[in-house]
Structure formats: structure tokens, C-alpha cells
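The values are calculated or read from the model by the stated rules, or taken from the named source; none is laboratory data. Worth saying up front: this structure is predicted, and the values here are computed from it rather than measured. Every residue, glycine as well, gets a Cβ built from its backbone with ideal geometry; the counts of neighbours run over all protein chains shown.
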Amino acid sequence: AAKSAGRNAFHFFRPVFAEQARRRLELELALREAVDRRELSLHYQPKVAASDHSVVGFEALLRWNRGEEGFVPPDRFIPVAEDCGLIGQIGAWVLAEACGQVARWHREGHGWQRVAINVSARQLAHDDLVGMIREECGRQEISPRLLEVEVTESCVMANPEQTGPILKGLRDMGVSVAIDDFGTGHSSLAYLRRLPVDVIKIDRSFIREAGEDASAEAIVKTIVDLSRTLDMGVVAEGVETFEQAEMLAGIGCGILQGYCFARPMPASEIERRWDE
Ligand code: C2E
Ligand code: MG
Ligand code: MG
Ligand code: MG
């Protein structure tokens, strides 16, 4: 019976795997052309001060518009880009685009707000991020102090001996370093203390649950206290309601980001809001 079940299972699953593989290959091929076809763009989501809700910076978030197929979410195509080695090219595009935007906003007198870019594990491991950022800032004539790099906690902690010096190089240049999705990985507090990190971003799963779940709220408070102890800034991501915003302000979380204040939007829309 086991043998026939195994054989049936084989026949049953094979087409599913084949279909998945075909879809993934199709996504990879389309992604290879996306850069050339100008299908990629950046949206910018404001980060606001918890005290008065003034905008203190932005996070650049990658968008892929496949035309008739619509928008493909980054959580779907970034892992593909990482696997097939396209992330380097895409990451370089994101950096250049974000720096260009920062330079334009600055020339137009919109002030000195920081723009954060997300950097994946593979970029950190394989690309000379420090050199790339120095070069791009030089080309655009902007200070690296206008940039922040967000790396996920799991990426940093997977190999702290290797990532530590890169983060230090970024920081020495003036780039702010943020640990993204904090609380979802396995941080060693001993490493965290020694790492050159400026900002901790609390993962939005804790913010979402904090209103209903006492332990999630306790975790948020613990992370806020930890950031203060380590002399780091702290950002709450995924803030969707004013209740959450009030709670976060109450426990001393300095910066908030989420739909409650603004969704990620094209640069043109940010500018329209400034002009209002
Ligand atoms: P992330 O860096 O943690 O970005 C925050 C995500 O939360 C974004 O999703 C943002 O749109 C979403 N978000 C913001 N506020 C709210 C809220 O109030 N509620 C909810 N439910 N969501 C909110 P998005 O844009 O889909 O990006 C997903 C992930 O893709 C990012 O997570 C980041 O890990 C990755 N990603 C995006 N752009 C890039 C990029 O240029 N390079 C790399 N390597 N990764 C990127
Ligand atoms: Mg991020
Ligand atoms: Mg995040
Ligand atoms: Mg994330």
C-alpha cells in the first residue's frame, strides 16, 4: 500500500512542481527585462516623529509594474532576484534612483530628510556597498548623511563577523544603519551591543498585535527600552491606527511609520503634499 501511495503521490505532485518551476522561470525572465524596460520604480513612505508627526525621513520601497500583469509585490520578486543573481543589478539601480531623488529634492529646497534603502543579504555579502554608495553620492553630489541603509536582523545576525565591518564602513562614511524587522530574527544581545547600528526598526507583526496581546506589547516596550539602553534610535513599522501611535509615543518610541500616516507613494505625490 505504501508503495502505491508513494507512486500516486509522485504522479500527483510532479505537475505541481513543474508548474511552480515554470512560473518561477517566467518571473525570472520577466525580471531580467524589467530594468531595461523601465518597469521598476521606487515609492517613498514617510517616517514621522512620534511627538508631532512631522516627517523626519522616507523609506524607498521597490515597485515592479508588469503592465497587464499588474504590480508584483517585492516579497515575491526580491527572493527570485536574490536566487538568480539579479539582485546586484537591481540593488545598484535602487541606489542610483534613490540618490538621484535625494539630490533633486535637495536642489529644490525640500530640506535634508534622510532616505532609507533596503539592502538584501546577498548585496551585503557580494557587493562593495561602501564603495558603491561613496561613488553614487559623489556622482549626485549629496552627502552620505542623507542616506540610511536598512538590513534585516536575520541577515545581520546570520554572519555578524562579516557584516559588522561593512556596517562600520557605512557608518564611518556617515550613512545611518538600521536593523529592519527587528524581533523576528535571533539577535545575540552581545553582538547587537557591539554592532555599529544607529536605528532599530520594530517588526510590524509586534505592532499589529500590541493592541490585543499583552505579551506583544511587552516585547515592543522591551525593544524600545533596549534601544534607549544601547543609545540607538527606534522606529515602529506598520503603524495603522492612532491608538497604536499613541501607545508607541507613550512608551517612548521616537519614530513611527505606517498607513496611519502615509502609504508608500511615488515621489511626485510626496512633492504634491509638500506643496499643499
Ligand atoms: P520592509 O523593508 O520591512 O518594508 C516595510 C513593508 O511594510 C513595505 O512593504 C511597506 O509597504 C509595508 N508597510 C508600511 N506601512 C504599513 C502598514 O501600516 N501596514 C502594513 N500592513 N504594511 C505596511 P513592501 O513595500 O511590500 O516591501 C516588502 C519588503 O520587500 C520590504 O520589507 C523589504 O524587505 C523588501 N524590499 C522592498 N524594496 C526593496 C529594495 O529596494 N531592495 C531590497 N533588497 N528589498 C526591498
Ligand atoms: Mg525596510
Ligand atoms: Mg521591515
Ligand atoms: Mg520586511
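Among the numbered conditions (1) within 16 Å of ligand 3 (Cβ to nearest atom); (2) of a type in the set (Asp, Glu); (3) in contact with a helix residue (DSSP H, G or I) (Cβ under 7 Å, 6 or more places away or on another chain), the only one that Asp75 does not meet is (3).
In segment 75-88, the qualifying residues are those that are surrounded by 15 or more Cβ atoms within 10 Å (Cβ to Cβ) and under 17 Å from the mean Cα position of the chain (by Cα), and the one that is nearest to ligand 1 (Cβ to nearest atom) is Ile78.
From the list Val102, Val80, which residue is modelled with pLDDT of 90 or more, under 30 Å from Gly252 (Cα atoms), assigned to a helix (DSSP H, G or I) and in contact with a helix residue (DSSP H, G or I) (Cβ under 8 Å, 6 or more places away or on another chain)?
So the residue among Val102, Val80 that is modelled with pLDDT of 90 or more, under 30 Å from Gly252 (Cα atoms), assigned to a helix (DSSP H, G or I) and in contact with a helix residue (DSSP H, G or I) (Cβ under 8 Å, 6 or more places away or on another chain) is Val102.
With respect to the stated conditions, Glu217 fails to be within 17 Å of the chain's Cα centre (by Cα), among the charged types (D, E, K, R), closer than 30 Å to Cys260 by Cα and at pLDDT below 95. Condition (residue is surrounded by fewer than 17 Cβ atoms within 10 Å (Cβ to Cβ), more than 23 Å from Gln257 (Cα to Cα) and not β-branched (Val, Ile, Thr)) applied to segment 53-65: is it met by at least one residue? Yes; the residues of segment 53-65 include at least one that is surrounded by fewer than 17 Cβ atoms within 10 Å (Cβ to Cβ), more than 23 Å from Gln257 (Cα to Cα) and not β-branched (Val, Ile, Thr). Given (1) farther than 21 Å from Leu147 by Cβ; (2) surrounded by fewer than 21 Cβ atoms within 10 Å (Cβ to Cβ), identify the lone condition not met by Asp198. Of (1) farther than 21 Å from Leu147 by Cβ; (2) surrounded by fewer than 21 Cβ atoms within 10 Å (Cβ to Cβ), only one is false for Asp198: (1).
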